[in-house]
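Here's the structure, in structure tokens; my notes come after.
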Amino acid sequence: MRFAALAALALLPLTACSTVKEAVAGPQLAPIGYPSALVPQDQTVLAPAGMTPQPASANSLWRAGARAFFVDQRASRVGDILTVQIDIDDSARTQNNTETSRTANQTMGVPHLFGLESSLGKILPGGFDPSAMIETGSTSNKAGAGAVTRSEKISLTVAAVVTGVLPNGNLVIQGTQEVMTNGELRRLTVSGIVRPEDISAANTIRHIQIAEARIAYGGRGDISRVQRTPAGQALVERFTPF
């Protein structure tokens, strides 16, 4: 027990730091963890070996190794690019009502208690009845209601790069798009795991076909800063016990 208490006290600062960071910076996307440790966000681009351009053969318009009309143009190797179509139009509504009621009564008596019932009558206040020594009653009522309404609609397109190929042939993709308008930066990030069979002939894939999908759309700038809750207020609302 003492060891468990010490372990809990040791982990308390870590959980507090995580909570403070979330209150200040907002929620963070969880890292992709299936099926193994995958490629991190910061990619190192390496020049492929043995890919020097080759001149066209004599009497030919095509050079050796060039992609032809009848070659599959879909992304399949590290460094290939494919288009991700994000079309989210979700809505959900839940409503719950709960009502409970309970009434309980209990009476307990001891008519004979080792012959001491007559002696107890002398000690206890007048009107003592051994057959009705204890009587309890309780009544509780509870009513609750809740409703959640949510609606989300996002329609975007972003190009992603294949950053890894898993042993079963699935592709790890990652794409980032940034747009700056009047000092306001909009950033779209998408990553996940796709099957080569799900990539269309136009080298596109829908977001619902991405496993372990991580899609983030947000911004930085004056408008986002004004709309965001101040860090001090967020901390107070997070840790206030009232």
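List of remarks:
- Test for Leu156: is it closer than 22 Å to Ile88 by Cβ, touching a helix residue (DSSP H, G or I) at 6+ places or on another chain (Cβ under 7 Å) and either surrounded by 10 or more Cβ atoms within 10 Å (Cβ to Cβ) or modelled with pLDDT under 85 (or both): no
- Against the list (1) more than 19 Å from Gly79 (Cα to Cα); (2) surrounded by fewer than 15 Cβ atoms within 10 Å (Cβ to Cβ), the condition Pro167 fails is (1).
- Within segment 200-238, considering residues that are small (Gly, Ala, Ser) and part of a helix (DSSP H, G or I), the one farthest from the chain's Cα centre (by Cα): Gly232
- Scan of segment 212-232 for residues that are under 19 Å from Thr157 (Cα atoms) and either among the charged types (D, E, K, R) or loosely packed, with under 14 Cβ neighbours inside 10 Å (or both), ordered by number: Glu212, Arg214, Ala216, Gly218
- For beta carbons closer than 7 Å, sequence separation of 6+ or different chains, a first residue in segment 153-173 that is free of Cβ contacts under 8 Å to residues at least 60 places away in the same chain and a second that is surrounded by 13 or more Cβ atoms within 10 Å (Cβ to Cβ) and not in a strand (DSSP E or B), the qualifying pairs are Gly169/Pro196; Asn170/Arg195.
- Contacts under 6 angstrom Cβ, first residue in segment 184-212 being farther than 29 Å from Gln227 by Cβ, partner in a loop (DSSP other than H, G, I, E, B) and of a type in the set (Lys, Arg), 6 or more apart: Ile199/Arg74; Asn203/Arg74
The values are calculated or read from the model by the stated rules, or taken from the named source; none is laboratory data. Since the model is a prediction, treat every value here as computed from it, not as a measurement. Don't worry about glycine lacking a Cβ; one is built from the backbone with ideal geometry, like all the others, and counts go over all protein chains shown.
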